[in-house]
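The block underneath contains the structure these notes are about, expressed in structure tokens.
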Amino acid sequence: MFEFIKGKLINITPTYAVIENSGIGYILNVSLNTYTQIQGKAECQLFIHQVIREDANTLFGFLTTQERDIFRHLISVSGIGANTARVILSSMNPAEVRDAILSGNVAQLQSVKGIGAKTAQRAIIDLKDKIGKSTIDADIFSSTSNTIKEEALSALVMLGFAKNTAGKVLDKNLLKEPDLSVEALIKRALKQL
């Protein structure tokens with residue numbers, strides 16, 4: 001499985017981009033969001049989702065992992081294929097898709113070509129919990145925050161605090177300020193425990 005492709009941007013259209021890497025040109029299907037953000041660049045890096053079928057091997061490219069995650073969630077819904085998910089991400093940015101699902105906005109999803117009322121409702125029902133959880137995980141527990149949290153949690157446990165209680169206090173502080181240093185996080189947690 002591919003994670004990303006980085007290289008020279010040979011050609012770009014609103015539906016696909018050609019990236020050259022090590023003398024090989026890769027065609028990646030892109031959304032309008034990705035297209036507008038990489039248009040005019042000489043080089044770029046796109047995160048990849050590969051779809052392998054009996055008759056095709058297709059690559060989809062996304063500028064951010066968040067957009068790719070929303071795409072992967074969308075294609076997990078019955079009735080939404082890869083091209084329909086790409087159309088959704090061309091009509092709305094990833095934050096708008098996430099907000100529409102979390103708020104249960106059927107009309108907004110239904111405004112996308114190819115999405116009917118039943119498919120929009122199914123997407124909301126199937127993805128509301130998944131996207132809500134992944135949004136929290138991505139925002140709060142990014143790899144940097146997770147390392148900081150682990151170090152702070154380890155220190156608090158060594159000082160004699162219960163792991164679950166300390167973890168909850170750390171989570172609340174990281175939610176408010178994700179850029180806290182380990183020392184600052186520990187000091188704040190100590191005042192709250």
Practice item. Could you please find all residues in the stretch 158-183 being assigned to a helix (DSSP H, G or I) and under 14 Å from T147 (Cα atoms)? Key: G167, L170, D171, L174, V182, E183
Practice item. Spot the failing condition for I115; the list is (1) over 23 Å from N29 (Cβ atoms); (2) more than 20 Å from the chain's Cα centre (by Cα), and only one is missed. Key: (1)
Review point. Does any residue of the stretch 23-31 turn out to be over 20 Å from I80 (Cβ atoms), surrounded by 13 or more Cβ atoms within 10 Å (Cβ to Cβ) and of a type in the set (S, T, Y)?
Key: yes
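Where a number appears in this text, it was derived from the coordinates with a stated rule and is not lab data. As the structure is a computational prediction, the values presented were derived from the model and not from experiment. Because the Cβ atoms are built from the backbone with ideal geometry, glycine has one as well, and the counts that use them run over all protein chains shown.
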